[in-house]
Amino acid sequence: MKVGRINGVNINLNNGFLALLGLFFIAGVLGKGLIAFAVVLLHEMAHIAAARWFGVNVSDVELLPFGGVSRIGGEVVFDPSREVYVAAVGPATNLLLFGLGTALKNNGLWDNDLGPFFLQCNLMVAAFNLLPALPLDGGRVYRAYLARRIGFKKATYRAARWGQFWGAAIVLGGTAGLAAGMSGLDIMVTGLFLLYAATNEKSLASYHFIRHLAQKKKELASAGVLPGEPLVSFDTVRLGDIIRLFVPKRFHLVLLVDKEYQYRGVVSEAQIVDALLKDGIDSPVGRLLK
């Protein structure tokens, strides 16, 4: 549901967030709901400001109970250094707001009804988003770290699996709280949304990987020079098995050998990407030498 537009960015509320605001209203604490909305919105606007710093346009943001999802382009997602910066600035903003709120409290500029909730909300959003689980900010930092070592697709799968794990764990924790007669419904809902979002990230990994391949062809042209990454492969290995090892911000050269370990030739990353898009993932890399 679209609720407004700020500096060219469409602000959308997820149904779960609408339900959460409804619960605040029913409980007679709508002020707390509006604080939660503002905290999450500022968190996401910080991401957007960081992305725009790199010249990346962001047109939409969807606010969720635990944060939000900004439609940030591949220029950030497929660049580990940029993704770390853009992801980290969200929790950092919440910690900054927590510090600001604490300073106001210490100077007597404080609302005793809503002030403590403001601090609690910022601390919870920051801490939750630092979990190493996609689609949370900590998961994006974790993926960026892994992508340089095991490739973008494997990194996405691994970080998304952690998202599923943490989502399930939070649901179980909320269920246990309800069973013990304590508050746990909000925790359960948050866990379910994380589980759903992580599963969605995992299912989209192949789509993002294809986008990543298209982006990789532009990396060298854009940078002019990139660090080289050598690989050695048998000439019978499938293109799909080789390309999974490609990491962002590196240009790969693959040295091919036959079954007798004799040198056959070298193929470049660009050749492999073109061949994969033309012939499919099952084509043997040795065909590129013919």
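The values are calculated or read from the model by the stated rules, or taken from the named source; none is laboratory data. A quick note: this is a predicted structure, and the numbers were derived from the prediction, not measured. Virtual Cβ from ideal backbone geometry, glycine too; neighbours counted across all protein chains shown.
What are the residues in segment 24-40 that are more than 17 Å from the chain's Cα centre (by Cα), at pLDDT 75 or above and hydrophobic (A, V, I, L, M, F, W, C), if any?
Result: Phe25, Ile26, Leu30, Leu34, Ile35, Ala36, Phe37, Ala38, Val39.
Hey, does segment 105-125 have a residue that's buried (at least 22 other Cβ atoms within 10 Å of the Cβ), in contact with a strand residue (DSSP E or B) (Cβ under 7 Å, 6 or more places away or on another chain) and polar (S, T, N, Q)?
no
For the condition out of contact with any Phe, Trp or Tyr (no Cβ under 8 Å at 6 or more places or on another chain), among the β-branched types (Val, Ile, Thr), within 18 Å of Asn129 (Cα to Cα) and surrounded by 14 or more Cβ atoms within 10 Å (Cβ to Cβ), what is the one hit in Val69, Val58, Val29?
Val69 is the lone residue from the list that is out of contact with any Phe, Trp or Tyr (no Cβ under 8 Å at 6 or more places or on another chain), among the β-branched types (Val, Ile, Thr), within 18 Å of Asn129 (Cα to Cα) and surrounded by 14 or more Cβ atoms within 10 Å (Cβ to Cβ).
Which helices (runs of 4 or more DSSP H) sit wholly inside segment 50-158 and have at least 1 residues that are under 25 Å from Gly16 (Cα atoms)?
Counting at least 1 such residues, we get 80-106, 115-129, 137-150.
Results for (1) touching a residue at least 24 places away in the same chain (Cβ under 8 Å); (2) in contact with a Gly (Cβ under 6 Å, 6 or more places away or on another chain); (3) surrounded by 13 or more Cβ atoms within 10 Å (Cβ to Cβ), shown as yes or no for each residue.
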site: Ala159; (1), (2), (3): yes, yes, yes
site: Ala168; (1), (2), (3): yes, no, yes
site: Ala180; (1), (2), (3): no, no, no
site: Leu192; (1), (2), (3): yes, no, yes
site: Gln215; (1), (2), (3): yes, yes, yes
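What number of residues within segment 232-290 are modelled with pLDDT under 85 and over 33 Å from the mean Cα position of the chain (by Cα)?
1
Limited to segment 242-263, what total is found for residues that are loosely packed, with under 14 Cβ neighbours inside 10 Å and either closer than 14 Å to Gly151 by Cβ or basic (Lys, Arg) (or both)?
Residues flagged as loosely packed, with under 14 Cβ neighbours inside 10 Å and either closer than 14 Å to Gly151 by Cβ or basic (Lys, Arg) (or both) within segment 242-263 amount to 1.
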